[in-house]
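S.K.: Structure provided below as structure tokens; questions to follow.
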Amino acid sequence: MSRYSPPAFACRLFQTVLPVPYRGALLGDLIEEYNLRAEAMSPSAATRWFWGQACRSIPFIIGSSLRNGDWLISASAAVGVYVIMEMLISAADFMIAKLVAPEPTAYVVLAPIVFLAFTSIGGYAAARIRFGTEVFLALFVMITVAVLIVVKACPIPMPWWYKFGFLTLGPLTVLLTPVAFGVLKPNSNESAT
Amino acid sequence: MIVRREIEERTGRNISIGAVYATLERLEAKGYVSSSTGDPTPERGGRAKRMFRVEAAGSRALQVSEQTLHSMTADSKGRWETI
């Protein structure tokens, strides 16, 4: 067993996007070469190489998944999670607006907290259902927020950074919550591929 | 890993492992290569190695590609001079 260990976050990122047939063998290849590079050069150089591989590999892996048609199942699951998540967000927004904080100022403060809380729950649930679902969910959230900004759904005039925060932090929360909570751990199929 | 390093050494280009796996998967879907799984090892974090073998259909397709490439590049020097 090597005394070097590859960057955990990059490994989790790989596990997020890799389809099951790829996962074990590809990660194993990377870890093996990471150890060789860490011994030959330095652990920091090997870490940079690992991150480089992760960033450059992901577009190819996503492209391959799209060609295989795996994305249809993930997209369908994401639609289901998205509908439930939006219903919960709408219900929470209604409760806040009517009961907890009827004043617009308090609503402006509480709305992002509710939004991020439910997007993180949605991302977690999506990743639990199926790998890759959270990527589609993040895309749906981004499109929804963009549409709401364009149609000026918010009756209160808000600064650009407030809207930009929803647009960026929402999808990021969906993507990063499963990674942070370790949902995307290797499963039993991994060692068999 | 060996496939990726071999391509890097032969071409001198830094190749991502994702590109290699995506290509190998497409070749496998077409029946040009087949894969089998080795035993998990501690050096690989307990993960198994996936080994690829070129099939007869893959060899034939490679020969056709080589012949096409050869016919395209044969006499290329004379053509460039003409242009």
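All of the numbers you see were taken from the coordinates with simple rules; none came from a lab. These figures come from a predicted structure and were not determined experimentally. In this analysis, Cβ positions are derived from the backbone assuming ideal geometry, glycine residues included, and neighbour counts consider all displayed protein chains.
S.K.: Per residue of A:44-57, how many C-beta atoms from partner chains lie within 10 Å of its own C-beta, taken as a mean?
M.R.: On the way: counts 0, 0, 0, 0, 0, 1, 0, 0, 2, 6, 3, 2, 6, 8.
Average per residue, whole number: 2.
S.K.: Please work out the ratio of the alpha-carbon Rg of the stretch A:70-180 to 2.2 N^0.38 Å and round it to two decimals.
M.R.: Working: Rg = 14.1 Å, N = 111, 2.2 N^0.38 = 13.2 Å.
The reported ratio for this selection is 1.07.
S.K.: Between the stretch A:36-50 and the stretch B:36-80, what is the separation of their alpha carbon centroids in Å?
M.R.: 28
S.K.: Which far-off residues, 5 or more places away or on another chain, put their amide H under 5 Å from the one on residue B:55, with H placed in the peptide plane?
M.R.: Amide H neighbours of residue B:55, under 5 Å, 5+ apart: B:33, B:34.
S.K.: Taking amide hydrogens as modeled 1.01 Å from N in the peptide plane, which residues meet the under 5 Å criterion relative to residue B:47, leaving out close sequence neighbours?
M.R.: For residue B:47, whose amide H was placed from the backbone, the distant partners under 5 Å are B:41.
S.K.: Quick one: P(r) of the stretch A:8-68 from all Cα-Cα pairs, 10 Å bins, percents rounded to integers, in order of increasing distance.
M.R.: 22, 53, 20, 4
S.K.: Using all alpha carbons of chain A, what is the percent of pairwise distances in each 5 Å bin, ordered from the shortest bin to the longest?
M.R.: Taking all Cα pairs of chain A, the binned fractions are 1, 7, 14, 16, 16, 13, 10, 8, 6, 4, 2, 1, 0 percent.
S.K.: If we count other beta carbons within 10 Å of each Cβ, what is the order of A:85, A:95, fewest first?
M.R.: Details: A:85 22, A:95 12.
Least crowded to most crowded, the residues run A:95, A:85.
S.K.: Rounded, prolate or oblate: pick one for the stretch A:108-147, where a ≥ b ≥ c are the square roots of the eigenvalues of its C-alpha gyration tensor, a/c under 1.5 means rounded, and failing that, prolate if a/b is larger than b/c, else oblate.
M.R.: Numbers: a/c = 4.99, a/b = 1.51, b/c = 3.30.
Since a/c reaches 1.5 but b/c is at least a/b, the shape of the stretch A:108-147 is classed as oblate.
S.K.: Per residue of the stretch B:28-45, in order, report the coupling 6.51 cos²θ - 1.76 cosθ + 1.60 (Karplus, θ = phi - 60°) as ³J(HN,Hα) in whole Hz, putting x for Gly and Pro.
M.R.: Karplus values, whole Hz, x for Gly and Pro: 5, 4, 7, x, 7, 10, 10, 10, 9, 10, x, 8, x, 10, x, 4, 9, x.
S.K.: Could you grab the Rg to Rh ratio for chain B? Cα atoms only, Kirkwood for Rh. Don't skip to the answer; put the middle values down first.
M.R.: Details: Rg = 17.5 Å, Rh = 15.5 Å.
Here the Rg-to-Rh quotient is 1.13.
S.K.: Lysine pairs in the protein assembly as shown 8 or more apart or on different chains: how many have alpha carbons under 30 angstrom apart? Don't skip to the end; give the middle numbers.
M.R.: Values: A:98/A:152; A:98/A:163; A:152/A:163; A:185/B:49; B:30/B:49.
Lysine pairs, 8 or more places apart or on different chains, close enough: 5.
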